[in-house]
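Working notes for the structure below.
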Amino acid sequence: MTQVNSYEFARTGVSASAEAGWTHSKRRKDSSGSAAGDMLASLAELLHIRTPPFVYDSDSIGSRQEMIDALWAGTWAESVADRFSTANPALQQLLEQQMVDDADDPSRFRALQGQSRWEAVLSALFRARSQRWVPIETAAMSIMWLYYRVPKPVWQAVSYFGRSVMSRTWVESLCDDAVERDPGPSYPVAEGLTAAVFDNLMMNVDYSSFATSDSGGRKIEMTNWATVFLPAAAMPPAFTGMANLLGTGGIFRSDLSLDDFIDGFSQLAPDIVSNQRFRWKHYLDMAANGNMWAAAHFVSPFPQTRFHFHDPIFDRLQSSYDDVNFELDLMRGSVFHRFSEGLMLGGDGLSYMRLIHRLAQDPRRYLETMPIVVPRMGENPHGLFHFMHGDWRIWAPLLMRLATVVGNRQVKLDPTIVNFNSHEHFLRIVSEACAEYVVEIARTGTSYHLLQPFLADAERNLSFPYIVFFLHLFAFKYLEYKNAVRRNESTKLDMLWRENLCSTRTAKANKTNYRQMSVILVYWGAALVLPLQAFYHNTRTIRWINSHVGWDMPIEKLNMWIKESVVSNISEFQIIKFIRRLNFMQAVVRAVKSVVYWRRARDDATPKDIAADKALIKEFLRVHVGTTYATATQPSDANLLGVDMSDWGGLRRPRECAPFNQLRGAQGGYRDYVRRQIAKLCPWHHWMP
């Protein structure tokens, strides 16, 4: 008896064309036609198990490489359903006819999650027959276990009692071999322009209470970076390459007026005013329908972005320009980017700040020598947090007062990015409660669709405009920004950063770095020549899985994965090994999830129920501000909500120091500020006379 090699059928993908079991001599029909002969023929058919596609001989080098290539490609995910059952219908029928104990009839079997209930049984049968034969879903599941750090005792127990996963050693060896066969992205990639992201990370090693004079803790300092494969679909047809642009006047427009550019940062800019009116009506209408925070379904025109995570740059951070220069030279000289005409380079706020200063200090090196560096700022999570943080500081007294109403002790006057999730959650509670209260009040007076009259009436009573302007100038602006990032609405993001400049310039917000970066961010979106500008806006954010995220998200995820996974025997070697395997493991995990979830309906976010907290806040507002439009807009300077006024100028000057008046005051001098930042950080630009 000989065993048949399945390499050829796995390579060609022809189903039911080879045997994984023992070969049998050709069956001859019994001449007598007896029942015994028919039974023997049927038994022979049942014993003749046929191997479907995507089953591999792990002892064969060629078959193992075919398995690695299939795992990289992910196309196996579209073809694995019911392939064992389809190849062996007689065996499936026999299994379905089995009876348990004293049952009179076999059970009625229906499909389980869209496939035969016996599919997993037949797959396990192949694994049980021989350790060398590996169905691709078994290999993928094993890789997924390594990716999610399944504990070693659990892995050993499952490997012993079942055949659903391979051994950990086998998986690690497969991942190491797969690194050498990386095929690159599965979608067409933009030509001429490449992209990368970077951020730093520090890890503590050997810190413990048992340190002695001979041993002590140390820090591993590194800058992590990754290549981003931008899709060709984002590239406009008119783009002919950076070399042609440099030869015909450069990458920056010469038809821009500096005064017109500065005018865009005015709070009276027509597009800003028009958008404020629209979002006020839009989000209050959503609040009236009970779904203000719901995210509309979005289908990105671009594929899921593929990343290649590189070995870290050890002993380099971003604290000095020497480090930044070294990192820029290394990334520009990498084999992934050295032949590129332009390198779009992104990261968090600190990364972006370093980039724009280096470009201003040495434009000939970075803007006239290929690959030209185009800075990209990460707008989720860092940009999103800082967009919220400035206004949070302005409105903190109101937010802290409402936190006491619901008994929330997690909320801080001045949160950090570590507290982002808990504070965004509380912002959702307060914004929905206040919006529903405003809708309720408007029903007893004038329509909230009339923004300016509504705001003018609200200002009569000092406590009511706290609620109204909080929504108008903070909550709705933040929610619009969050949705714009998710939907890759680049021009809207630029408009929101222009509007937000006023908040960042208030003494209370004091967002010194982000006010500067917001000006330069808007400049790059407006100043590039049109073919390049279109590509810049198309890639304003990066598609992650279903929605878009900021340029800072990939490295934030990488840093998180490193800290969660490299937890013992921490060393540079362990970090490098994990990152190299991650490129392959992430591709496999995405394919596994596409198989598991493709039959399911779209999984909408299910946020935590906040109805009880909203009810407490709305009742508090009804009691202290009023239940009718006439009461809520009755002239008064009293502190009806009991807000701590020490940060809002005290009780002597409550109106002058009200948060909405702080924002109005910060509008002054914006022209000189924008002009100074442009002159300092974009000295290469020639504006239209």
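Brief remarks on what is shown
- Cα gyration tensor shape of region 385-501, rounded if a/c is under 1.5, else prolate or oblate by comparing a/b with b/c: oblate
- Charge-dipole axis of the chain as Lys and Arg at +1 and Asp and Glu at -1 on Cβ define it, positive-most pick from Thr631, Ser568, Ile262: Thr631
- Normalised contact order of the chain, rounded percent, pairs of Cα under 8 Å and 6 or more residues apart: 17
- Modelled spin-label separation between Gln98 and Ser173, with each label point placed 7 Å from Cα along the Cα-to-Cβ direction: 3.2 nm.
- Region 611-689 - charge dipole about Cα centre, Lys and Arg +1 at Cβ, Asp and Glu -1, debye rounded to 20: 380
- For region 287-363, the fraction of alpha-carbon pairs in successive 10 Å shells from zero, as %: 13, 35, 24, 15, 11, 3
- Taking trypsin sites (Lys or Arg not before Pro) as exposed when their DSSP state is a loop state and no more than 10 other Cβ atoms lie within 10 Å, the longest site-free interval of the chain runs over 111-408.
- Scattering from the chain was approximated by placing one identical point on each alpha carbon and applying the Debye formula without solvent; log10 I(q)/I(0) at 0.06, 0.12 1/Å stands at -0.48, -1.30.
- Listed pairs Lys563/Lys593; Lys152/Lys482; Lys281/Lys511; Lys281/Lys593 exceeding 31 Å between Cα atoms: Lys152/Lys482; Lys281/Lys593
- Dipole magnitude of region 134-285, debye to nearest 20 (Cβ charges: Lys/Arg +1, Asp/Glu -1, about Cα centre): 600
- Each residue of region 239-246 was assigned a 3J(HN,Hα) from its phi angle through the Karplus expression (A = 6.51, B = -1.76, C = 1.60, θ = phi - 60°), giving 6, 10, x, 5, 4, 5, 5, 5 Hz with x at Gly and Pro.
- With the charge dipole of the chain set up from +1 on Lys and Arg Cβ and -1 on Asp and Glu Cβ about the Cα centre, the Cα lying farthest toward the positive end among the listed residues Ala232, Ser58, Gly407 is that of Gly407.
- Under the convention that each Lys and Arg Cβ holds +1 and each Asp and Glu Cβ holds -1, the size of the dipole of the chain around its Cα centre is about 860 debye.
- By DSSP, the beta bridges lying fully in the chain are antiparallel in about 70 percent of cases.
- Order of Ile429, Ile678 - criterion: other Cβ atoms within 10 Å of each residue's Cβ, fewest first: Ile678, Ile429
- Leu46-Val335 pseudo-label distance in nm [points 7 Å out on the Cα-to-Cβ vector]: 5.6
- Dipole of region 279-409 [Lys/Arg +1, Asp/Glu -1 at C-beta], most positive-end residue of Gly390, Met353, Leu284: Leu284
- In degrees, nearest ten, helix 512-527 long axis to first principal axis of the chain (Cα): 70
- With only Cα atoms counted, region 560-682 has Rg and Dmax values of 27.4, 70 Å.
- Working value for region 540-591: equivalent-ellipsoid semi-axes of 24, 13, 8 Å, each the square root of 5 times a Cα gyration tensor eigenvalue, largest first.
- Average projected area [Cα convex hull, region 470-533], square nanometres: 4.7
- Cβ-based exposure ranking for Glu137, Glu619, in which fewest neighbours within 10 Å come first: Glu619, Glu137
Any read-out appearing in this document is the output of simple, stated calculations on the displayed coordinates, not a laboratory observation. Bear in mind the structure is a predicted one, so any value in this text is a computation, not a measurement. Note: ideal-geometry Cβ built from the backbone for every residue, glycine included; neighbour counts use all protein chains shown.
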